[in-house]
Amino acid sequence: MTLQYRIRSKYEDENWRQRIFHSNEMLLHYTNAWCTDSNSVFPITELVSRLLFLFSDRCLLHQTNLDALLNHTISTPADEYRSTWPNRSDSAAQDLTDLLVQTLEDAVEEWEFNGFSNLPHTDVTDRLVGVIVDQQYVVFHHYETTRRDLNHWGI
């Protein structure tokens with residue numbers, strides 16, 4: 001008897017790369033707006049809501065660009081979570097939201113005191129995506145694999 005694996009398509013891989021790319025674009029947009037207006041507060045809750053929408057199945061990536069993401073009507077992070085995972089508990093939504101908020105608060109604090117050179121946007125994006133994956137907001141099935149996971153030549 002052998003184990004059977006479903007091959008993950010290149011389309012799904014490209015969608016994942018697009019989600020990460022758009023996450024970084026949004027973070028840059030909010031950071032630029034925050035830096036431009038000296039009296040503004042970094043919109044952490046809004047960014048968390050938009051990230052939760054972006055990583056949900058409700059976000060149609062082939063129809064999405066930065067302007068569409070920024071103009072999409074969003075609700076609170078808890079409501080965005082419930083829209084994606086209606087059968088999960090409110091505590092799961094709160095745990096994910098708290099971790100994302102804390103990650104962004106730490107980044108904003110670092111940027112305020114030490115500037116952007118010590119903590120690049122891509123590192124913050126990686127941390128945010130890591131939290132989303134660790135908290136299983138996006139589910140990767142153990143039976144999905146591809147030879148591309150081993151190396152980029154597919155061998």
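If the condition is being loosely packed, with under 12 Cβ neighbours inside 10 Å and closer than 19 Å to ASN15 by Cα, then the range 66-96 contributes only ASP67. The set of residues from the range 45-65 being surrounded by 13 or more Cβ atoms within 10 Å (Cβ to Cβ) and either without any contact (Cβ under 8 Å) to a residue 12 or more places away in the chain or not hydroxyl-bearing (Ser, Thr, Tyr) (or both) comprises GLU46, LEU47, VAL48, ARG50, LEU51, LEU52, PHE53, LEU54, PHE55, CYS59, LEU61.
Per-residue answers, yes or no, for (1) within 9 Å of the chain's Cα centre (by Cα); (2) at pLDDT below 95; (3) closer than 18 Å to ASP98 by Cα:
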{"residue": "TRP34", "(1), (2), (3)": "no, yes, no"}
{"residue": "SER40", "(1), (2), (3)": "no, yes, no"}
{"residue": "LEU47", "(1), (2), (3)": "no, no, yes"}
{"residue": "LEU51", "(1), (2), (3)": "yes, no, yes"}
{"residue": "ASP57", "(1), (2), (3)": "no, yes, no"}
{"residue": "GLN63", "(1), (2), (3)": "no, yes, no"}
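Taking the conditions (1) surrounded by 15 or more Cβ atoms within 10 Å (Cβ to Cβ); (2) of a type outside the set (S, T, N, Q); (3) under 16 Å from the mean Cα position of the chain (by Cα) in turn, GLU12 satisfies each one other than (1).
Taken over the range 29-44, the criterion of being assigned to a helix (DSSP H, G or I) and surrounded by 15 or more Cβ atoms within 10 Å (Cβ to Cβ) is satisfied by HIS29, TYR30, THR31, TRP34, ILE44.
The values are calculated or read from the model by the stated rules, or taken from the named source; none is laboratory data. Given the structure is predicted, the values throughout are model-derived calculations rather than measurements. Because the Cβ atoms are built from the backbone with ideal geometry, glycine has one as well, and the counts that use them run over all protein chains shown.
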